[in-house]
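All remarks here apply to the structure that follows.
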Amino acid sequence: MESAELIAMLQAVRDRVRARNPQTATGAVELPLPDLTPLLHARDAALGKVAAIGSVNPRRGGPINALVQGWKKLVARVLDWHVREQVEFNRKMVACVDATMEALNENNRALVELGNRMAAMHVLALAEEMKDIRDHWIEWRGEWERKLERNEIQALRNVADLQGAFQHRVDMVDSTWRESLVAQHKAFHAELRSSADEIQRRLWADIDRFRADYERTIHAELRTVRQRAQISRGASPSAFPAPSEPGAVQSTPALSFDYGKFAEKFRGPEEYVKNGQRIYLQDFIGRQSVLDIGCGRGEFLEAMRDAGVAASGIDLSEESVAMCRAKGLNAEVADLFVYLNDLPEASLDGIFCSQVVEHLAPERLPEMIKLCATRLSRGGVIAIETPNPECLAIFATHFYLDPTHTRPVPAALLAFYMEEFGIGRIETRKLAPAVESMPSLAELPAAFRETFFGALDYAILGKKL
């Protein structure tokens, strides 16, 4: 038999079996059923064996084959009585297998029906369960509404408690704030009393200081009066040369005000001026012969005497010279041009001139510098102090306070005159910063302040070459 025919026969058998037997699982409920295919295959095999009993294989024709076939048939008839029972047994067994398969098929159908019924029962149970859920939902809703009502009542109570606690807290905060306000008020009054006491204490201190300043001023005025009285009592007719005498020096023309009091008020007390002129000690210590041109009240001469330097001074004011002599200082009334002209050349090794050149006529300033240069010995030092015209503040305050000032002298001009007449190693020092006496200048930019509002005075120093 060809394999294709065998495959076709097997496919036909499989189709018949599937038509006769239900699936192994079916119904609304997935119920697993027993698989009868192995039993079906066993039955078909048994049927094939039963059908083959007593059959003879066909052979090609011929006398020998016919003889063999006849012999086989004879043997089959002879043995038929022996295997007949076995054939019946086999057929009964195949029938039993068929009955078993039919019973199992019925079992499968019963199981399918059971599954369908169980599915139907499951739907009914689900409906019943839904009914139970609906009933329970109604009961639960009522209970939930009752609980909700209780929770609302409890929430309202909690809100009332919170409101009461909040009000209590507000009352406590208000009380604490009022107590703090009262404490701050008391502290403020205490601090106010303390500040008032401090202001009063400072006021009395200022009053005491003002009183001391006034007493110091009165004492200085009285001392000046006493010095003048002493000078007027002790002066002899020959103390100063008479104007009519030959070679006499004319004193300063009489002014309509007290110039000594003017210097005391606007230049400062003697001690203040003396402290300011101590910066020149390092330049004149060790000198043998120093001249102070315009010695005034003798502050520089006192500083030189304290430093052990031999110094003398000249001034046009008889009163100033008398004050210097009363202090034991070497001073005389003289015109600087006449005095310097009478001195031998190179007879001095130091010249100091403070706040004088601004009183001179501009055309006489070079003459003064020339005389000073010729009277200095080699290496002798000269120091000239005068208001600084580069500081604009002096024109609004200091310079024009003195009616005897003629014009300010720039440092560059003085340096030119010195170099012109043989004085070198020139050094310019800025003195008395304007911002110290006028604090409002501190608000200006630093560079602008230094350029236009720097030092009120300057000193120019040089040495004879």
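You will find that of Phe352, Phe337, the residue that is of a type in the set (Phe, Trp, Tyr), closer than 23 Å to Lys463 by Cα, open to solvent by less than 30 Å² (accessible area, probe 1.4 Å) and in contact with a Phe, Trp or Tyr (Cβ under 6 Å, 6 or more places away or on another chain) is Phe352 and no other.
Only one of the listed residues (Arg169, Arg150, Arg146, Arg141) is under 55 Å from the mean Cα position of the chain (by Cα) and either among the aliphatic types (A, V, I, L, M) or surrounded by 10 or more Cβ atoms within 10 Å (Cβ to Cβ) (or both). That residue is Arg169. Inclusion of Lys131 among residues that are at pLDDT 75 or above, basic (Lys, Arg), open to solvent by 60 Å² or more (accessible area, probe 1.4 Å) and within 60 Å of the chain's Cα centre (by Cα) is not warranted.
Would you say Leu126 is modelled with pLDDT under 75, more than 60 Å from the chain's Cα centre (by Cα) and surrounded by 10 or more Cβ atoms within 10 Å (Cβ to Cβ)?
Answer is yes for this residue.
Of the residues making up the range 426-454, not one is of a type in the set (A, V, I, L, M), open to solvent by 60 Å² or more (accessible area, probe 1.4 Å) and in a loop (DSSP other than H, G, I, E, B). Does the range 376-384 contain any residue that is without any contact (Cβ under 8 Å) to a residue 60 or more places away in the chain, surrounded by fewer than 18 Cβ atoms within 10 Å (Cβ to Cβ) and of a type in the set (D, E, K, R)? No: zero hits.
Listed by first and then second residue, the pairs with beta-carbon distance under 9 Å, at least 6 apart or on different chains, first residue in the range 405-426 and more than 11 Å from Gly462 (Cα to Cα), second of a type in the set (S, T, N, Q) and in a loop (DSSP other than H, G, I, E, B), are Pro408/Asn388; Pro410/Asn388; Ala411/Asn388.
It is to be established whether one or more residues within the range 288-301 are among the hydrophobic types (A, V, I, L, M, F, W, C), open to solvent by 10 Å² or more (accessible area, probe 1.4 Å) and over 21 Å from Thr404 (Cα atoms). No, that holds for no residue. Of the strands (runs of 3 or more DSSP E) contained entirely in the range 291-400, those carrying at least 1 residues that are over 25 Å from Glu419 (Cβ atoms) and not hydrophobic (A, V, I, L, M, F, W, C) fall at 311-315, 331-333. When Glu363, Glu367, Glu390 are checked against the criterion of being closer than 17 Å to Gly294 by Cα and not aliphatic (A, V, I, L, M), Glu367 stands alone in meeting it.
The values are calculated or read from the model by the stated rules, or taken from the named source; none is laboratory data. Since the structure is predicted, the reported quantities are computational estimates derived from the model, not experimental observations. Quick reminder, even Gly has a Cβ in these numbers, built from the backbone with ideal geometry, and neighbours come from all protein chains shown. Keep in mind that these areas ignore ligands, DNA and RNA; they rest on the heavy atoms of the full protein, side chains included. Shrake-Rupley method; radii C 1.70, N 1.55, O 1.52, S 1.80 Å.
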